[in-house]
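Report on the structure given below.
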Amino acid sequence: MKIFKGDASYLLLVFIILLFALGIVFSIYTFRSNPVNDALSANRVINVLFVIEENKKPVSTYVLMYYPSTRRAAIFDIPGNLGLLLSRINRVDRIDRVYDPSSAANPGRLSGYENEIERLLGIDINFSIVLTKENLVSIVDLLEGVEIFIPSPVSRIDVTPGREEIILFPSGVTVLDGDKASLYATYSLSDEDSEMSMVRRQRFFLGLINRQIQMNERLNNPSMAKMYYSFFKSTMNRRTLQLLFNEFVYIDTDRTNIQPVGGNLREVSGQMLIIPHWDGNLIKEIVRQTLGTLTREIEDHLIERTLTVEVLNGTAITGLAGRTAEMLRSFGYDVISTGNADRNSYDSTVVIHRSGDEGMVKAFAEVIRCRNIRSEVLANDGDDDLNNLNVEYKADITLLIGRNFNGRYVTGN
């Protein structure tokens, strides 16, 4: 059979068109089946586990929760010495005991560490990202440094005779290069307060997220993106990881809090562990309220803010105001003062509010299941004495604890 040149050209054209069509179909399928796009189209909160790792052990662990519709985020800090009954080893131990860095290379599979965090917080983790100490150097250098605030200088003493003190990190606003950032995020000192160490690492993590947001446009350059995202160990491929970080550009880090998972410090089997409050039920409730805050639509003319709280102990139970304040801070409230009420014989707990935002006050009262809410919003009628009294109010809310408060909830309202 004789094939003319015209026929061959026609067949080649048809072949090219078919390849082009298949490419479009494949691209559309890939785009639609991408897990980040699936999460965005489903309009659900995206939960991402971040681990900063040194010598195959987690130095810092954070769960970032992000809701695309409102573009709000919250972060939970998971201490490594959090004490849980670990299902994998069937005993109470540090949560990082079950950390397995090799699992991050297995897409779609959760490690025992991730499973325990999911169980602790009562959520599903959608994605996990691991930053090793070595790769953190390259990541920060590609970002041209990370800016953080260091409240007081950090130094070390060289024990060599005749050598002077070396300042590692000066105080004030500082831009850390890769080596300095890696050291700042992972070092530990025996005399450093554990809470200060936690705050320091939280400050660095927020600085890292903020710098990535600032550099996002440059990071979308194909050659830059290929290099940058290769330094992250993740269950996601590079394209999916890039899509996720492109979504994070909308996060306002100045309004994003990091809440540590708190508890009571106890000695278990010769080691000091943080045992979560109320058998872990408190942190689950905090997470549920946080998710409600992230997903709640707020009108443009309303400004989100954190309520300030004063806690007064109206009972004879010593230390109840302080313990209650710690619990409320776990929910993200700004407890600015604690103390004793004018007497210790109050039967009923009352929430006294002056904020004018009844919705936020009701949400606060629901945390402790208190239905006894009283308003003390004073009107400005030109009376100077009354105006001065308004100025003296220390908080948006005063929580006056009565005998019907059991340390967590109000009973028998």
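Numbers at a glance
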| item | result |
| --- | --- |
| Global geometry of the range 327-379, whether rounded, prolate or oblate, following the gyration tensor of its Cα atoms and the 1.5 cut on a/c | rounded |
| In the range 325-356, trypsin sites (Lys or Arg not before Pro) in a DSSP loop with at most 13 other beta-carbon atoms within 10 Å | R343 |
| Set K180/K233; K180/K284; K226/K284; K284/K394; K56/K180; K180/K226 screened for pairs whose C-alpha atoms are more than 26 Å apart | K180/K284; K226/K284; K284/K394 |
| Antiparallel DSSP beta bridges within the range 194-350, as percent of all bridges there, nearest 5 | 50 |
| Residues whose placed amide H lies under 5 Å from that of D334, excluding near-sequence neighbours | L307, V309 |
| Around P68: net Lys/Arg minus Asp/Glu count, Cβ-Cβ under 10 Å | +2 |
| Estimated FRET transfer efficiency (L40, S269; beta-carbon r; R0 51 Å; 0.05) | 0.70 |
| Net charge, V175 excluded, C-beta distance under 14 Å - Lys, Arg +1, Asp, Glu -1 | -2 |
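Coordinate-derived values only; no laboratory data. Source: prediction; values computed, not measured. Glycine gets a Cβ as well: all are built from the backbone with ideal geometry, and neighbour counts include every protein chain shown.
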